[in-house]
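Here's a structure for you.
Read the figures in this text as sums done on the coordinates, not as results from a lab. Predicted model only: the values in this text are computed from it and were never measured.
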Amino acid sequence: MYEKVGRLKPDSVNDLIRVIVDDQGDIGTITMEDLTELLSGVEPQLVLPSGE
């Protein structure tokens, strides 16, 4: 499932990007590295709670 994002805003303190959805506000953050990989087409890897 995909979430429609209103905007992405860099955090001035650390290497995070704030994910903002219109009408809901901030819904989370993503690291700059993860965002770069996502935009370049690298598929995210599922990590189970057990660490596997």
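With a ≥ b ≥ c taken as the square roots of the eigenvalues of the C-alpha gyration tensor of region 5-52, please select rounded if a/c is under 1.5 and otherwise prolate if a/b is larger than b/c or oblate if it is not?
prolate
Okay, next question. Could you give the length gained by full extension between residue 14 and residue 26, i.e. 0.36 nm per residue of separation minus their alpha carbon distance, to one decimal place?
2.7 nm
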